[in-house]
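**Q** Starting off with a structure, shown below.
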Amino acid sequence: MFHVKHPDFIDVIVIGAGHAGCEAAWAAANRGATVRLITQNLDTIAKMSCNPAIGGIGKGHLVHEVDALGGLMGVAADQSALQYRVLNRRKGPAVRATRTQCDRRLYHIYMRSMLDGHPRIHLHQGSVSELMFDGDRVVGVVDELGVKHECSSVVLTTGTFLGGVIHVGDRSMPAGRAGDAPVMGLTDELYRRELKVGRLKTGTPPRLDKKTIAWDQLPMQPGETDVQPFSLMHDHVKQEQIPCAITRTTERTHEIILENLSRSPMYSGKIEGVGPRYCPSIEDKVVRFADKSSHQIFLEPEGGDHNEVYPNGISTSLPIDVQWAFVRSIPGLEKVNLIRPGYAVEYDYISPQELTSSLETKKIKALFHAGQINGTTGYEEAAAQGLIAGINAASAALELPHWVPDRSQAYMGVMIDDLVTKGVTEPYRMFTSRAEFRLQLREDNADLRLGNHAIELGLYSELRRQRFEARRDRVGEVFASAGAMQIGTGAEWRSRLAELRLPVPTQSMLFSSYCHREDVNVDQAVGLLDGAGALNVRDLESIKALLHYSGYIDKQHQDVDRFKKMEAQIIPETIDYSRIAGISIECSQRLQSARPATLGQASRLSGVTPAALTGLMMHLRTLS
Ligand code: FAD
């Protein structure tokens, strides 16, 4: 093929402007690198391939963390939100989660305009077909026009596009997602370099025409207004909230699906890739939960200026005639028109065990992977990985230190550690239950946990830094005053407490203990604190969460200290596990193939026994 060289050398090349790629480019540029973001189609930047919703349980935490590290996702989600909800509202603040339904087109527009506005990010439309190497180091990429782009590091964020094939019934066609060409050849190149490759699948429901839905027959679910936006840069939810409708599958729906199961590519054996267990297709739900005669469906608008509606809960790859029949058996959808068919997509992923925690491949220097290519599913998971890969790709290019949060600092740290340590056997998504230190990893304190790191890494604008520092100091001061405060029983206290309709204790007590009494309304009690008048709603959430968990969090700090000690014990890359006394052959092989970076990582590998861990610990001592 004829080749030309791009006239400009660039620090970092990001391949793919999906959710991982946008954050990678933004973080790398904020870290100080020049960035070329090469993507197949500039008009699909940050396209939400499936449901245009951001956040949810576990995922909302990731969005807050992306925002806390100066990322884009929270800002774009707030700007394009059609409806906000807080999930798990009745549970404790640690597992409460924000979710927005977004306008898909507006989300893309905001994302693109932010990328366009960054002085160090250069957008480039093109499809990367090859990587360029110098020994075991990537030194550039080649696009389909034969342009050679030279750089110091590369972030690969190809989503569902590597070897992508979509399926609707017995029809299959090569595609990265409906309407977009797949990328062939890149996987082979990685495979030749001995990276472990696998196949996964995911699916999406048909899209419905708003004007053919009998809305007046369906219960509506309004948005919530007392919600904090995702981004620290926004104080209030601004837009008017658009309601969703709720309907359910019927026994007839299930009959139609079961009668046609043999025509589903999943059940006929045509699809080999493993799908997301927690996001099953409707045909999967009908088979797996055979005792259920109905499944709930949310009808969610996809935008303010067109008619597409997303039926959340009926992802399918059944043939189009079966889709028509089963969707029309659902109340309110008897006359519905399907604007787009549902389908499944199968694609290649590269085992995340090929990566270090900074998301750099172990076998190819300066090559970073983020997003769906690592076996994850979800926009938020992709964005969070993209941000970390972007920071580290820039660090590699500029010879700055790498940075990765650990499991005690962020959900991002939990996800990355899970991925690189344990790998994946099915698409990985975030849950709050994956985090062992979840009382301190809350949505409300994501910025307080990560903001100082973001400033050190250069990820904040001046305005964001000022907003963060002011909030950090306000919350810190008020909480410190809470720690020392005693609620008294004298006349002055009685009158203050009466004013706030709070009970008078029988004897004076610490404010934090007072807040744990069942008859004390913490929302009111916060008003007793010095400086409380200056707190905004976001600050109050943080103070209340700290009070709610005081005592438990202190206890968790001891666990965190133990965890940090294990993480600090680095295992040398050259270690030979077969020579360590007291380790069984199975354990030694497991350690040899996973090659954990720290004693902590070794302890989280399945199949590594406590005895093997003790042997390893003793061996490390002999080396120090
Ligand atoms: P993507 O968003 O896929 O972006 C990849 C980008 O890279 C694209 O813009 C593409 O054009 C570009 N690109 C790829 N290769 C190249 C190349 N060689 N050169 C230049 N550009 C390139 N997630 C869920 O959480 N729940 C679901 O139910 C769900 N269902 C899904 C259904 C379908 C049909 C699809 C396609 C995805 C679904 N997802 C779902 C997954 C979700 O879309 C992804 O997790 C998320 O988009 C991953 O982000 P990413 O940045 O890794 O990749």
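**Q** Where in the range 432-504 are there helices (runs of 4 or more DSSP H), lying fully within it, with 2 or more residues that are surrounded by fewer than 13 Cβ atoms within 10 Å (Cβ to Cβ)?
**A** 462-484, 491-499
**Q** Do we have Ser408 as surrounded by 24 or more Cβ atoms within 10 Å (Cβ to Cβ) and assigned to a loop (DSSP other than H, G, I, E, B) here?
**A** Criteria not met by Ser408.
**Q** Within the range 79-94, track down each residue that is small (Gly, Ala, Ser) and without any contact (Cβ under 8 Å) to a residue 12 or more places away in the chain.
**A** none
Per-residue answers, yes or no, for (1) more than 16 Å from the ligand (Cβ to nearest atom); (2) in contact (Cβ under 8 Å) with a residue 60 or more places away in the chain:
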| residue | (1), (2) |
| --- | --- |
| Ser357 | yes, yes |
| Lys362 | yes, yes |
| Lys365 | yes, yes |
| Ala383 | no, yes |
| Asn392 | yes, no |
| Glu399 | yes, no |
| Ile416 | no, no |
| Leu419 | no, yes |
| Glu426 | no, yes |
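**Q** List every residue pair whose Cβ atoms lie under 9 Å apart, where the two residues are 6 or more positions apart in sequence or sit on different chains, the first residue falls within the range 24-53 and is assigned by the TED database to the domain that holds Val155 and within 19 Å of Gly71 (Cβ to Cβ), and the second residue, located anywhere, is within 9 Å of the ligand (Cβ to nearest atom) and of a type in the set (D, E, K, R).
**A** Between residues of the range 24-53 that are assigned by the TED database to the domain that holds Val155 and within 19 Å of Gly71 (Cβ to Cβ) and residues that are within 9 Å of the ligand (Cβ to nearest atom) and of a type in the set (D, E, K, R), the close pairs are Lys47/Arg177; Lys47/Asp180.
**Q** Is it fair to say Ala24 is more than 25 Å from Pro205 (Cβ to Cβ), in a helix (DSSP H, G or I), within 11 Å of the ligand (Cβ to nearest atom) and of a type in the set (A, V, I, L, M, F, W, C)?
**A** Here the answer is yes, as Ala24 does meet what is asked.
**Q** From the list Ala46, Ala17, Ala33, which one is buried (at least 24 other Cβ atoms within 10 Å of the Cβ), in a loop (DSSP other than H, G, I, E, B) and on the phi > 0 side of the Ramachandran plot?
**A** Only one candidate passes the filter, namely Ala46.
**Q** Further question on the same structure: Scan the helices (runs of 4 or more DSSP H) fully inside the range 242-350 and keep the ones with 2 or more residues being over 29 Å from the mean Cα position of the chain (by Cα) and more than 30 Å from Leu367 (Cα to Cα).
**A** 251-259, 320-327
**Q** Sticking with this one: Sort out which residues of the range 156-186 are more than 10 Å from the ligand (Cβ to nearest atom) and either farther than 16 Å from Gly203 by Cβ or free of Cβ contacts under 8 Å to residues at least 40 places away in the same chain (or both), and write them in order of number.
**A** Gly163, Met173, Pro174, Gly179
**Q** I would also like to ask the following. So which residues in the range 38-50 are among the hydrophobic types (A, V, I, L, M, F, W, C), near the ligand (Cβ under 9 Å from one of its atoms) and under 25 Å from Ala394 (Cβ atoms), if there are any at all?
**A** Ile38, Ile45, Ala46
**Q** Can you name the residue in the range 266-312 that is of a type in the set (A, V, I, L, M) and either surrounded by 21 or more Cβ atoms within 10 Å (Cβ to Cβ) or in contact (Cβ under 8 Å) with a residue 40 or more places away in the chain (or both) and, of all such residues, is nearest to Val197 (Cα to Cα)?
**A** Of everything passing the filter in the range 266-312, Val274 is nearest to Val197 (Cα to Cα).
**Q** Okay, next question. Looking at (1) out of contact with any strand residue (DSSP E or B) (no Cβ under 7 Å at 6 or more places or on another chain); (2) assigned by the TED database to the domain that holds Thr376, which one does Leu398 not meet, given that it meets all the others?
**A** (1)
The values are calculated or read from the model by the stated rules, or taken from the named source; none is laboratory data. Treat the numbers as computed from the prediction; the structure is a model and nothing was measured. Cβ sites come from the backbone with ideal geometry, for glycine too, and all protein chains shown count toward neighbours.
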